[in-house]
1. Residues with amide H under 5 Å of Y148's amide H, sequence separation 5 or more or different chain, H placed in the peptide plane at 1.01 Å from N; which?
2. So what's region 114-175 giving for Cα Rg divided by 2.2 N^0.38 Å, two decimals?
3. Take E175, E52 and sort them by solvent-accessible surface of the protein heavy atoms, 1.4 Å probe, largest at the top.
4. Any chance you could check the Cα centroid distance between region 69-114 and region 224-259 for me, in angstrom?
5. Which whole-Hz couplings ³J(HN,Hα) result when phi for each residue of region 104-121 is put into the Karplus expression 6.51 cos²θ - 1.76 cosθ + 1.60, θ = phi - 60°, listed in order with x for Gly and Pro?
6. In region 53-159, what trypsin sites (Lys or Arg not before Pro) fall in a loop by DSSP, with at most 10 other Cβ atoms inside 10 Å?
7. Given a Förster distance of 25 Å, report the FRET efficiency between Y231 and L119 from their Cβ-Cβ distance, rounded to the nearest 0.05.
8. Would you mind telling me the share, in percent, of accessible area of region 111-257 contributed by carbon and sulfur at probe 1.4 angstrom?
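The values are calculated or read from the model by the stated rules, or taken from the named source; none is laboratory data. Nothing here was measured: the structure is a model prediction, and the numbers come from that model. Heads up, the Cβs are rebuilt from the backbone with ideal geometry, glycines too, and the neighbour counts pull from every protein chain shown. SASA here: full protein model, heavy atoms, side chains in, ligands and nucleic acids out. Shrake-Rupley method; radii C 1.70, N 1.55, O 1.52, S 1.80 Å.
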Amino acid sequence: MGAPFKKFEAHASGGPRIREIPMRMVLPNLVTVLAICAGLSGIRFAFENRFEIAVVMVLLAAFLDGIDGRLARMLKATSKFGAQMDSLADIVNFGVAPALVLYAFLLDRAGSPGWIAALLFTIACGMRLARFNVLADDTDQPAWQSEYFVGVPAPAGAVLVMLPLYLYFLRLGLEPTRLAAFIATGFTVLIAFLLVSRLPVYSGKSVKVPGDRVLPVILGVVLYILLLMTYPWYTLTASVAGYLLFLPFSVRAYSKRAMREGEKVPPSDIG
């Protein structure tokens with residue numbers, strides 16, 4: 001969210017204020033604020049033991065957080081203020097909210113290790129977002145490398161780390177025991193390290209759909225949304241499993257592309 005708001009005027013009771021703001025500039029920031037409200041509400045519901053709605057609120061926050069920037073670019077309403085708000089929303093919705101919901105549900109049964117895992121995930125998410133912002137301004141890297149994220153992106157990390165809740169909601173007889181809490185603690189730490197790793201994760205930004213396949217692709221997306229609405233926990237569990245299985249193929253594709261481009265791939269770029 002790039003250019004700053006313009007037209008400031010002095011105000012008798014304080015510093016400068018903005019004279020006028022078009023409504024199209026307000027809308028993306030409103031979506032960002034709603035995303036923060038959803039994420040924080042998810043935390044509230046978690047501490048009230050209303051975990052299903054807590055997860056729904058966190059996922060809603062992640063969705064809103066993911067579209068505010070695109071909405072701003074579409075409306076040509078980017079601003080420095082919006083960029084700062086978006087960064088604040090990212091750390092709340094992708095880091096703080098999922099970690100605290102998972103802690104309230106299960107990690108607290110592991111005692112201090114569970115809390116440490118929740119802290120590590122939140123800190124890793126913040127570091128991942130900071131690195132993303134820095135790399136976004138890097139003009140020295142080859143163009144093809146922009147097709148890959150460095151490490152698992154924060155929105156995906158937020159969805160992945162809540163896998164223990166999805167499994168519990170499937171009603172498969174899994175209970176939030178102390179053993180399950182320690183397993184979830186290890187899983188949370190693993191996701192934290194995937195966030196800050198140098199793992200090349202294909203972003204799909206450059207994928208172009210052939211004209212004769214647009215309708216089947218739209219139908220596939222609609223099918224996924226319908227499955228998500230009808231069988232949310234099965235669909236999310238399958239999505240997490242599919243994403244984790246996809247990561248090794250992404251690393252392999254990156255290595256092959258680097259060799260095809262005639263570039264040496266440092267070990268740190270694939271691990």
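1. Under 5 Å from the amide H of Y148: S203.
2. Computed over Cα atoms of region 114-175, the ratio equals 1.53.
3. Most to least solvent-accessible, the answer reads E175, E52.
4. The two parts, judged by their Cα centres, are 21 Å apart.
5. Coupling constants for region 104-121: 5, 7, 9, 5, 5, 6, 8, x, 4, x, x, 5, 4, 4, 5, 5, 4, 5 Hz.
6. K76
7. The computed FRET efficiency comes out at 0.15.
8. 72 percent
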